[in-house]
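Visitor: Let me give you the structure first, and then I'll get to my questions.
The values are calculated or read from the model by the stated rules, or taken from the named source; none is laboratory data. Predicted, not measured: the structure shown is a model, and the values here were computed from it. Please note: Cβ atoms are built from the backbone with ideal geometry, for glycine as well, and neighbour counts cover all protein chains shown. Just the protein is used for accessible areas: all its heavy atoms, side chains included, with ligands, DNA and RNA removed. Shrake-Rupley method; radii C 1.70, N 1.55, O 1.52, S 1.80 Å.
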Amino acid sequence: MEIERKYLVNFLPEGYDACPFHEIEQAYLCTEPVIRIRKEDEEYYLTYKSKGLLVREEYNLELTGKAYAHLLEKADGMVLTKRRYRIPVEGTGFTAELDIFSGAYQGLMLVEVEFETKEEADEFQAPAWFGTDVTFSGEYQNSRLALQPDPKVIPVPPDPLR
């Protein structure tokens, strides 16, 4: 089960770039249900996600690099690329996953927090660097971004790195 909230990013937190990160490339074979393939550093996965925004089922299966490459040729839409930083959320015990996109969504920054229970998710108080909560809009789900015919249609806030 995946229980997570997703936010746009107001500004980058101090020291984020000293936190551990992963280079991620992902694409979608299907969006209803979501069937995703992902390369995370040198590991490969196929993921199934059920319908839902805050709470949904999620299953991961390991893939080989060869299987990933084969499936990548069959993916719909665009391949998403991003760097994911894992940042402790001070005073909460939670970890924020900050995604800084490259490629077609250069400049887009989203942050997600995963929870054990829906109650934890409901009670979570986001720090100041988190922006608008987009959990329930669905507009910023990666599966939706990958199929967007024109990435410029998705509002990307100004890049605070510039």
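Visitor: How high is the relative contact order of region 41-102, given as a whole-number percent (alpha carbon pairs under 8 Å, six or more residues apart)? Each step should come with its number before you reach the end.
Guide: Working: 68 pairs, mean separation 14.0, N = 62.
Across region 41-102, relative contact order equals 23 percent.
Visitor: All other residues with a Cβ under 13 Å from the Cβ of Gly65 taken together, and with Lys, Arg as +1 and Asp, Glu as -1, what is their net charge? Walk me through the numbers before you get to the answer.
Guide: Working: positive: Arg38, Lys39, Lys66; negative: Glu25, Glu40, Asp41, Glu42, Glu43, Glu62.
Taking every Cβ under 13 Å from that of Gly65, the sum is -3.
Visitor: Right, here's the next one. Quick one: if you stick a label point 7 Å off each Cα along the C-beta vector at Ser50 and Ala67, how many nm between them?
Guide: 2.3
Visitor: Tell me what the chain gives for mean residue ellipticity at 222 nm when only DSSP H runs of n ≥ 4 count, each as -39,500 (n - 2.57), the sum divided by the residue total, rounded to 500 deg cm²/dmol. Present the calculation step by step, with values, prior to reporting the outcome.
Guide: Working: 3 runs with 20 residues, N = 162.
Taking each H run of at least 4 residues, the total per residue is -3000 deg cm²/dmol.
Visitor: Can you tell me the order of 38-48, 108-118 when each peptide is scored by its average per-residue count of other Cβ atoms within 10 angstrom, highest first? Write out the running numbers ahead of the final one.
Guide: Working: 38-48: 15.2, 108-118: 18.3.
Taking the mean over residues of other Cβ atoms within 10 Å, the ranking is 108-118, 38-48.
Visitor: Once the piece of chain linking Glu2 and His22 is laid out straight, how much longer is it, given 0.36 nm per residue of separation minus the C-alpha distance between them?
Guide: Working: separation 20, 0.36 × 20 = 7.20 nm, distance 1.96 nm.
My answer for the length gained is 5.2 nm.
Visitor: How far is the Cα center of region 1-46 from the Cα center of region 65-120, in Å?
Guide: So the separation of the two Cα centres works out to 1 Å.
Visitor: Please list 3J(HN,Hα) in residue order for region 138-144, calculated via the Karplus relation 6.51 cos²θ - 1.76 cosθ + 1.60 where θ = phi - 60°; whole Hz, with x for glycine and proline.
Guide: For region 138-144, the Karplus curve yields x, 4, 9, 5, 4, 4, 6 Hz.
Visitor: Using a 1.4 Å probe over the heavy atoms of the protein chains, calculate the carbon and sulfur portion of the accessible area of the chain as a whole percent.
Guide: Values: 4500 of 8890 Å².
For the chain, the apolar C and S fraction of the accessible surface comes to 51 percent.
Visitor: How much length, in nm to one decimal, is gained on full extension between Tyr59 and Glu119, taken as 0.36 nm per residue of separation minus their Cα-Cα distance?
Guide: On the way: separation 60, 0.36 × 60 = 21.60 nm, distance 2.19 nm.
In short, 19.4 nm is gained.
Visitor: Evaluate the relative contact order of region 5-48 (contact order divided by residue number), counting alpha-carbon pairs under 8 angstrom at least 6 apart; express in whole percent.
Guide: Numbers: 44 pairs, mean separation 11.1, N = 44.
In percent, rounded to a whole number, it is 25.
Visitor: So, one more: Most fluctuating residue of Phe130, Phe101, Phe11 in a GNM of the chain with Cα springs under 10 Å: which is it?
Guide: Fluctuation is largest for Phe11.
Visitor: Averaged per residue, what accessible surface does region 3-162 expose to a 1.4 Å probe, in Å²? Show your work: numbers first, answer last.
Guide: Details: 8730 Å² over 160 residues.
Each residue of region 3-162 exposes 55 Å² on average to a 1.4 Å probe.
Visitor: Is the shape of region 3-63 rounded, prolate or oblate, going by the alpha carbon gyration tensor and its root eigenvalues a ≥ b ≥ c, with a/c under 1.5 for rounded and a/b larger than b/c for prolate?
Guide: On the way: a/c = 2.57, a/b = 1.38, b/c = 1.87.
Oblate is the answer for region 3-63, as a/c is 1.5 or above yet b/c matches or exceeds a/b.
Visitor: Note down the net charge around Ala27, summing +1 for each Lys or Arg and -1 for each Asp or Glu among other residues with Cβ under 12 Å from its Cβ. List each step's numbers first, then the result.
Guide: On the way: positive: Arg36, Arg38, Lys39, Lys74; negative: Glu25, Glu73, Asp76.
Counting the neighbours of Ala27, the net charge comes to +1.
Visitor: Go through Lys51/Lys82; Lys51/Lys74; Lys66/Lys118 and tell me which ones have a Cα-Cα distance over 29 Å in this structure.
Guide: Working: Lys51/Lys82 23 Å; Lys51/Lys74 22 Å; Lys66/Lys118 37 Å.
From the list (Lys51/Lys82; Lys51/Lys74; Lys66/Lys118), the Cα-Cα distance tops 29 Å for Lys66/Lys118.
Visitor: Could you grab the relative contact order for the chain? Cα pairs under 8 Å, six or more apart, rounded to a whole percent.
Guide: Numbers: 331 pairs, mean separation 48.2, N = 162.
The value is 30 percent.
Visitor: What does the charge add up to near Ile37, with Lys and Arg as +1, Asp and Glu as -1, over the other residues with Cβ less than 13 Å from its Cβ? Display every interim value, and only then the final one.
Guide: On the way: positive: Arg36, Arg38, Lys39, Lys49, Lys66, Lys74; negative: Glu25, Glu40, Glu43, Glu62, Glu73, Asp76.
Here the count lands on 0.
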